[in-house]
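Each remark here refers to the structure printed beneath this line.
None of the figures in this text is laboratory data; all of them are computed from the coordinates on show. What you are looking at is a predicted structure, and each value in this text was computed from that prediction instead of being measured. Note that each Cβ is placed from the backbone with ideal geometry, even for glycine, and that neighbours are counted across all protein chains shown.
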Amino acid sequence: MEPSILHTDSGEVAYRKFGSGRRLLIAFHGFSEDGAAFRALGEQLEGSCTLYAVDLPFHGSTRWLGDGYRPAQLAAIVEAILERESARRFEAVGHSLGARLWLHLLPAFRDRMERLCLLAPDGLQTRWLYLVEWLPTGWRRLAIRWARRPGWILALARLSSRFRLIGPFLLRYLEHHLGEAARRRRLLYTWLALSHFRLSGNKGRHLIQQAKVPVLVLLGDKDRLVRPEAIRRCLAGTAGVQIFKVNATHRSICQRAAPFLRVAPGGE
């Protein structure tokens, strides 16, 4: 399916629309993917749901105008979809990075969001979280200028791996995403944007508690990026949160979500 385009002040935002059911779902994918990650979910739910799978800034076919983004710009994309569907209420679905972004949109949509589904959420207890959270925005911009010639970063990463300061997964991750110009731009500008989407400490739980929106969390038992048991501990006792572990990796979890989403919020 070729993506369609939403025209916004921040750029041309690509999306894929699956199904035509009464329930409206809006989905944000994980880093380095695009809306096609939700194809299987959309096809499995098409009888009961309409699912919009958005290509996030710097991903897929979206043509973003700036070098970063903020919650208000993502909220404008959601508003454009709601206007297109003549809808006020919806369910949000976020995988990995997309889950982090949705948590920061809770204050804007808590009165209109029927449910938030977090698939292997990034930011609550992600490995190497310190690489995302600690550096201020100004320093990130400086680091991006340095990283336009990434050879020294990769050399340092390989040396760190040799002395077991970082693991082989992180080394392969950096080699893949810094090795080619388009992938490097996607990584660095997304990293810049994440200065506006911090989830360190208990902020994720606080956002959920304040919103009072039902939250469904799915965790993959073969996930190597997020830590399922740490996320369970982080959200333990939070009102309105249901957590399930499924047979999935970090990427394949999107294909395992349909049985949990077939039942509408409230069991309708």
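Give the angle, between 0 and 90 degrees and rounded to the nearest 10, that separates the Cα long axis of helix 71-84 from the longest principal axis of the Cα atoms of the chain.
30
So how strong a dipole does the stretch 144-194 carry about its Cα centre when Lys and Arg Cβ are +1 and Asp and Glu Cβ are -1, to the nearest 20 debye?
100
Between the stretch 213-253 and the stretch 158-207, how many Å separate their Cα centres?
Cα centroid to Cα centroid, the span is 21 Å.
Let a ≥ b ≥ c be the square roots of the eigenvalues of the Cα gyration tensor of the stretch 59-130; is it rounded (a/c under 1.5), or, if not, prolate (a/b larger than b/c) or oblate?
It is oblate, given that a/c is not under 1.5 and a/b is not larger than b/c.
Springs between alpha-carbon atoms under 10 Å, Gaussian network over the chain: tell me which of R205, R149, R112 tops the mean-square fluctuations.
Highest fluctuation among the options: R149.
Expressed in nm to one decimal, what extension gain is obtained for the pair R39 and T238 from 0.36 nm per residue of sequence separation less their Cα-Cα distance?
The R39-T238 span can extend by a further 68.6 nm.
For every helix of n ≥ 4 consecutive DSSP H residues, a contribution of -39,500 (n - 2.57) applies; sum these over the chain, divide by its total residues, and give [θ] at 222 nm rounded to the nearest 500 deg cm²/dmol.
It comes out at -11500 deg cm²/dmol, rounded to the nearest 500.
When the Karplus curve 6.51 cos²θ - 1.76 cosθ + 1.60 is applied with θ = phi - 60°, which whole-Hz ³J(HN,Hα) does each residue of the stretch 238-243 get, with x for Gly and Pro?
Couplings: 6, 4, x, 9, 10, 10 Hz.
Working from Cα positions, state the angle (0 to 90°, nearest 10) between the long axis of helix 168-178 and the longest principal axis of the chain.
With rounding to tens, the tilt is 90 degrees.
Listed highest first by mean packing, meaning other Cβ atoms within 10 Å per residue, what order do 25-33, 114-122 come in?
The packing order, highest mean first, is 114-122, 25-33.
Can you return the lysines within cross-link range of K212? Criterion is Cα-Cα under 24 Å, with same-chain partners fewer than 8 residues away left out.
Result set, ordered by chain and number: K203, K245.
Given springs between every Cα pair under 10 Å in a Gaussian network model of the chain, which of R39, R140, R162 has the largest fluctuation?
Between R39, R140, R162, it is R162 that shows the largest mean-square fluctuation.
Counting only C-alpha contacts under 8 Å and six or more residues apart, can you give the relative contact order of the chain as a whole percent? Provide the component values of the computation, followed by the final result.
Numbers: 476 pairs, mean separation 52.7, N = 268.
That works out to 20 percent.
Could you give the angle, 0 to 90 degrees to the nearest 10, between helix 137-146's Cα long axis and the longest principal axis of the Cα atoms of the chain?
Long axis of 137-146 versus the principal axis of the chain: about 50 degrees.
If you take every DSSP beta bridge whose two residues both sit in the chain, what share of them, in percent to the nearest 5, is antiparallel?
Beta bridges within the chain, antiparallel portion: roughly 30 percent.
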